[in-house]
Amino acid sequence: MATIYIDNVPYQVKDGDNLLSACLSLGFNLTYFCWHPALHSVGACRQCAIVRYRDENDTRGRIVMACMEPVADQARISLEAPEAKRFRAQNIESLMINHPHDCPVCDEGGECHLQDMTVMSGHNYRRYRFKKRTHLNQYLGPFLHHEMNRCIQCYRCVRFYNDYAEGKDFGVFAVHDDVYFGRFEPGVLENEFSGNLVEVCPTGVFTDKTLRKHYTRKWDLTNAPSICQQCGLGCNIIASERYGSLRRILNRYNGDVNGYFICDRGRFGYEYVNSERRIQHALRQQPAGQWQGLKKETAVAEIREKIRAARNIIGIGSPRASLESNFLLQQVVGAEHFYAGIPRREGRLVQEILHIMRESGVRTPSLKETETYDAILVLGEDVTQTAPMLALSLRQAAKNQPKEKAKALKIADWNDAAIREVIQGQKGPLFIAAPHATRLDEAALSCYRAHPHQLGRLGFAIAHRIHTGAPAVELDEAAGHFADQVARALQDARKPLIVAGTSLHQESLIHAAANIALSLKQVGKQPGLFYTVPEVNTMGLAMMSERYLEDALEQVERGDVDVAIIVENDLYRRLPAETVDLLYQHVPTVIVLDSLAHRTGEKAQYVLPAGTFAESSGTVVNNEGRAQRFYQVFQPRNDIQSSWKWLQAFVTDQALAEAHLDEVIARLTAAFPGLAGIQEAAPGAGFRVGTQKIPREPHRYSGRTAMLAHINVSEPKPPEDPDSPLSFTMEGYVGVPPAPFTPFFWSPGWNSVQSVNRYQQEVGGMLRGGNPGKRLIETDEQHSMAYFTDIPGAFSPADGQLSIWPAYHIFGSDELSAYSEPIQERIPAAYIALSRADAARLQVQHGMRVHVQGTQQSITLPAQVRDDVPEGMALIPAGWEVSQGLQFPFSSTLNPVAS
């Protein structure tokens with residue numbers, strides 16, 4: 001720690017930081033634009049001017065930029081010196097010369113960093129009376145609206161998009177005194193993290209186009225802390241509502257998970273909450289196939305009677321349902337009749353991951369922690385598509401070794417401009433071994449493409465090259481060279497990281513990754529092992545059940561099941577249609593609880609409207625085993641409610657039937673001791689700050705009476721929330737609440753997302769009171785386990801057939817976000833991709849339609865002839881309607897279809 005004097009008052013600050021970050025961490029108001037805690041310092045905007053003095057005898061000092069000045073013990077600075085204040089005000093005045101007078105109609109109004117800094121600087125009157133410079137706006141795709149006239153040239157956008165996220169289709173263009181930020185021509189921004197420009201930009205240049213379609217002033221939004229539902233990483237988000245519809249998603253800072261950013265699927269994939277496919281009321285299917293709407297009480301009474309009269313009843317859970325919903329389903333049907341709603345092969349992969357995480361003695365890092373590793377091997381995963389924020393983290397990790405050059409020159413970690421000048425785009429040891437080209441390849445030092453069986457063999461061989469106690473594997477020359485390169489880099493690294501996952505359905509890849517980590521541990525390293533899983537609560541469901549869909553269907557085929565309850569699961573996405581149809585052929589009453597209409601619900605006898613994350617509260621467990629709580633944003637004005645609340649109506653235990661969330665969690669943890677830690681994920685509903693609840697609405701919220709004036713001119717009593725310490729009002733505690741309960745970031749003078757600085761222990765660090773969530777799985781690093789020996793055989797193509805594997809896409813492969821209109825504009829058309837050699841052999845040309853025969857279904861797709869697909873295999877996008885139910889991998893002939 002160092003002691004610095006700010007306006008003659010001593011303060012203890014972190015040594016090695018810059019003065020801007022130090023001042024903000026101490027709670028001072030100091031204006032800035034170009035600096036960002038994740039992007040660090042470049043000194044471009046000149047807005048953080050302070051006076052620095054040589055010593056206590058210096059009375060004049062000199063103006064410096066706080067973001068470019070290192071902390072030094074006994075340093076003396078002034079924020080309040082007249083010349084510093086005057087400089088900051090005049091600097092903003094110059095930046096505002098060409099800025100339009102459009103705050104009242106600007107989408108950023110009320111949440112604008114430029115507004116905050118202008119007021120903070122003291123500049124309040126525009127003297128410029130001449131013509132302003134103007135620009136044409138660009139079409140940038142379905143996610144972002146562009147309003148270039150509002151730009152103040154802080155360069156944050158290009159620094160995030162090009163330098164941090166490493167996008168290639170966006171830049172800054174300048175002629176004379178005219179600077180333009182955009183694409184070289186109008187078009188869709190291709191980077192998967194482009195939506196972060198909404199929060200990175202301190203003005204209204206880049207705004208959320210999805211919010212713009214149903215715009216609401218930011219202070220009129222009801223907000224709640226939530227968890228992104230679109231993959232297994234569990235990024236923290238803020239969900240916002242007005243008039244009963246979800247209006248936007250913002251990043252919610254968590255220093256252990258997603259930090260300051262989220263991916264575009266998580267940010268813009270929320271529109272399914274407002275979809276016309278939403279189930280609004282309880283429904284019963286008539287014998288003739290028509291649907292009849294039911295009152296909630298009628299539906300509950302009829303289903304209770306069906307359950308009471310049933311000989312046997314089964315429940316099928318879901319990895320996208322909360323722990324509480326899966327638990328209540330188990331309580332309704334009995335533990336012996338509860339099945340995890342995933343195929344057996346997927347379930348066994350996740351169970352193997354759980355076993356390795358618990359027993360291997362190798363640490364599973366948090367998502368944010370992966371940025372600290374300095375040599376990475378990604379084995380078999382296209383992480384940009386399956387776990388997007390992990391790809392962003394790995395791009396930062398790949399820069400760690402090149403940054404050592406800057407450290408050797410004693411350049412501070414925060415001096416971004418100097419560091420980039422030193423490393424000159426040098427790539428660190430990031431290695432990708434995948435069955436096809438990935439978006440992360442451009443950041444990698446070396447890539448290897450092969451059939452998944454060959455990738456498994458490669459992983460086992462790398463482990464043997466690191467430690468000869470691991471089983472040996474013979475490789476061809478190219479694979480052997482890559483294995484040697486990876487093994488050396490991992491051994492030379494300070495912190496090596498291995499990444500693998502379940503997307504290719506190969507246990508050998510899971511085991512090979514574990515072997516590499518175990519071998520590194522044997523030679524004295526402290527490796528990290530990071531596994532990706534498909535859905536938001538895949539890990540939580542795995543900790544509750546090891547019985548799967550095939551087990552459920554086996555019980556169904558025995559003919560002794562009268563009632564089946566399916567919670568938040570479209571079985572036709574997971575198994576072939578013929579297999580799922582057996583359920584409806586053998587079970588007289590099928591009851592489905594879900595939020596959207598789908599094929600599984602269409603064939604049921606009863607459908608109950610389940611809440612999405614926006615209308616529900618619950619707990620999920622991410623890929624690292626971190627339990628996190630999400631809270632409902634609003635109470636809908638129909639029959640929609642959390643699945644677990646519907647299921648409470650059908651349990652025989654009266655105490656459980658009347659329980660609120662805290663009591664449900666207590667019962668859940670008693671039944672599953674391995675989940676006991678979820679009680680620490682967030683304080684209970686009885687938490688208060690003094691006597692006050694935490695409001696979901698900002699203190700400037702307006703229109704509470706007018707919103708419902710068409711129903712009643714008197715303002716109704718706000719709904720009660722017995723499941724959380726959050727209120728559905730603007731009244732309550734105004735301040736920094738515990739991190740799990742933060743519905744929005746705001747502090748006096750700080751209306752933009754930059755106010756998160758006020759919620760952190762230090763800028764860029766942990767939130768006050770600790771980051772949200774509780775890790776449930778902590779391995780004993782003194783333990784170890786035996787090497788795995790299930791080395792796959794060498795792949796050789798079958799005569800006349802190709803091996804068909806899934807290809808994942810960030811836009812399209814996820815079930816729920818694919819119903820969001822903005823996401824749908826980014827979903828590519830279905831295809832089958834094959835190598836040039838196979839295309840020539842089969843006489844298939846690019847664009848030609850070919851017939852593919854799956855195990856129980858056949859499809860016809862247009863062919864893509866690609867250079868990155870290994871010979872003997874083909875790729876079909878996973879999650880598309882045409883590919884739902886396909887059991888990857890499988891072998892098939894490809895037969896061209898006559899046009």
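The values are calculated or read from the model by the stated rules, or taken from the named source; none is laboratory data. Note that the structure is predicted; figures quoted are calculated from it, not measured. A quick note on method: Cβ atoms are made from the backbone with ideal geometry, for glycine too, and the neighbour counts reach across all protein chains shown. In case anyone asks, the SASA skips ligands and DNA or RNA and just uses the protein heavy atoms, side chains included. Shrake-Rupley method; radii C 1.70, N 1.55, O 1.52, S 1.80 Å.
The single condition among (1) open to solvent by less than 20 Å² (accessible area, probe 1.4 Å); (2) within 15 Å of V158 (Cβ to Cβ); (3) more than 20 Å from the chain's Cα centre (by Cα) that G187 does not satisfy is (2). Taken residue by residue, the stretch 180-188 has no member that is under 17 Å from E147 (Cβ atoms), touching an Asp or Glu at 6+ places or on another chain (Cβ under 9 Å) and either modelled with pLDDT under 95 or not in a loop (DSSP other than H, G, I, E, B) (or both). Out of all the residues in the stretch 809-826, is one or more outside any strand (DSSP E or B), on the phi < 0 side of the Ramachandran plot and free of Cβ contacts under 8 Å to residues at least 24 places away in the same chain? Yes, the stretch 809-826 contains a residue that is outside any strand (DSSP E or B), on the phi < 0 side of the Ramachandran plot and free of Cβ contacts under 8 Å to residues at least 24 places away in the same chain. Suppose the filter is at negative phi, touching a residue at least 60 places away in the same chain (Cβ under 8 Å) and open to solvent by less than 20 Å² (accessible area, probe 1.4 Å); does I249 pass it? Taking the combined requirement at face value, the residue does not satisfy it.
I'd like the residue in the stretch 145-158 that is part of a loop (DSSP other than H, G, I, E, B) and either among the β-branched types (V, I, T) or open to solvent by 30 Å² or more (accessible area, probe 1.4 Å) (or both) and, out of all such residues, is farthest from C103 (Cα to Cα).
Kept after step one, since they are part of a loop (DSSP other than H, G, I, E, B), are these residues of the stretch 145-158: 147, 151-155.
Of the ones still in play, those that are also either among the β-branched types (V, I, T) or open to solvent by 30 Å² or more (accessible area, probe 1.4 Å) (or both) are 147, 152-153, 155.
Working: E147: 13, I152: 14, Q153: 18, Y155: 21 Å.
So the residue we want is Y155.
Filtered by the rule that a residue be in contact (Cβ under 8 Å) with a residue 60 or more places away in the chain and in a strand (DSSP E or B), the stretch 621-644 gives V621, R626, A627, Q628, R629, F630. Y161 meets the conditions (1) free of Cβ contacts under 8 Å to residues at least 40 places away in the same chain; (2) surrounded by fewer than 22 Cβ atoms within 10 Å (Cβ to Cβ); (3) not in a loop (DSSP other than H, G, I, E, B) in every case but one. The failed one is (2).
Output the residues belonging to the stretch 801-830 that are in contact with a helix residue (DSSP H, G or I) (Cβ under 9 Å, 6 or more places away or on another chain), within 30 Å of G480 (Cβ to Cβ) and open to solvent by 20 Å² or more (accessible area, probe 1.4 Å). Spell out the reasoning first.
Step one: filter the stretch 801-830 for residues in contact with a helix residue (DSSP H, G or I) (Cβ under 9 Å, 6 or more places away or on another chain), giving 802-803, 805-824, 826-827, 830.
Those left that are additionally within 30 Å of G480 (Cβ to Cβ): 802-803, 805-808.
Within the stretch 801-830, Y808 is the sole residue that qualifies.
For every residue, the table says whether it meets (1) farther than 30 Å from V499 by Cα; (2) assigned to a helix (DSSP H, G or I); (3) open to solvent by less than 10 Å² (accessible area, probe 1.4 Å).
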site: V561; (1), (2), (3): yes, no, yes
site: L608; (1), (2), (3): yes, no, yes
site: T619; (1), (2), (3): no, no, yes
site: W646; (1), (2), (3): yes, yes, yes
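Of all residues in the stretch 344-363, how many are part of a loop (DSSP other than H, G, I, E, B) and open to solvent by 10 Å² or more (accessible area, probe 1.4 Å)? Let's see the steps before the verdict.
Within the stretch 344-363, the first condition is being part of a loop (DSSP other than H, G, I, E, B), and the residues that meet it are 360-362.
Filter once more, keeping what is open to solvent by 10 Å² or more (accessible area, probe 1.4 Å): none.
Here the count works out to 0.
From the list Q385, Q401, the one residue that fits, being among the polar types (S, T, N, Q), farther than 26 Å from K521 by Cα and open to solvent by 10 Å² or more (accessible area, probe 1.4 Å), is Q385.
Within the stretch 754-768, the only residue that satisfies the criterion of being open to solvent by 40 Å² or more (accessible area, probe 1.4 Å), under 23 Å from the mean Cα position of the chain (by Cα) and over 22 Å from L233 (Cα atoms) is R768. With respect to the conditions (1) acidic (D, E); (2) touching a helix residue (DSSP H, G or I) at 6+ places or on another chain (Cβ under 6 Å); (3) not in a loop (DSSP other than H, G, I, E, B), D662 lacks only one, and its number is (2). If I ask for residues that are touching a strand residue (DSSP E or B) at 6+ places or on another chain (Cβ under 7 Å), farther than 12 Å from F181 by Cα and crowded, with 20+ Cβ neighbours inside 10 Å, which ones from the stretch 122-144 would you list? L144, the sole residue that qualifies.
Of all the listed residues (A670, A706), the sole one being modelled with pLDDT of 95 or more and among the aliphatic types (A, V, I, L, M) is A670.
Residue pairs whose Cβ atoms lie under 6 Å apart, sitting 6 or more positions apart in sequence or on different chains, and linking a residue in the stretch 692-718 that is at negative phi and assigned to a loop (DSSP other than H, G, I, E, B) to a partner that is of a type in the set (V, I, T) and surrounded by fewer than 13 Cβ atoms within 10 Å (Cβ to Cβ), are E715/T705. So, G266, is that one closer than 18 Å to E821 by Cα and either out of contact with any Cys (no Cβ under 6 Å at 6 or more places or on another chain) or open to solvent by less than 40 Å² (accessible area, probe 1.4 Å) (or both) or not? Yes.
Run down L95, L26, L79 and say which single residue is open to solvent by 10 Å² or more (accessible area, probe 1.4 Å) and either modelled with pLDDT of 95 or more or among the small types (G, A, S) (or both).
Working: L95 fails: either modelled with pLDDT of 95 or more or among the small types (G, A, S) (or both); L79 fails: open to solvent by 10 Å² or more (accessible area, probe 1.4 Å).
From the options L95, L26, L79, the qualifying one is L26.
Number of residues in the stretch 417-435 that are open to solvent by 20 Å² or more (accessible area, probe 1.4 Å) and either in a strand (DSSP E or B) or in contact (Cβ under 8 Å) with a residue 40 or more places away in the chain (or both): the value is 2.
Set side by side, the residues V590, V556 differ, and just one is in a strand (DSSP E or B) and under 18 Å from G334 (Cβ atoms), which is V590. Within the stretch 531-538, not a single residue is open to solvent by 10 Å² or more (accessible area, probe 1.4 Å) and farther than 22 Å from S643 by Cβ.
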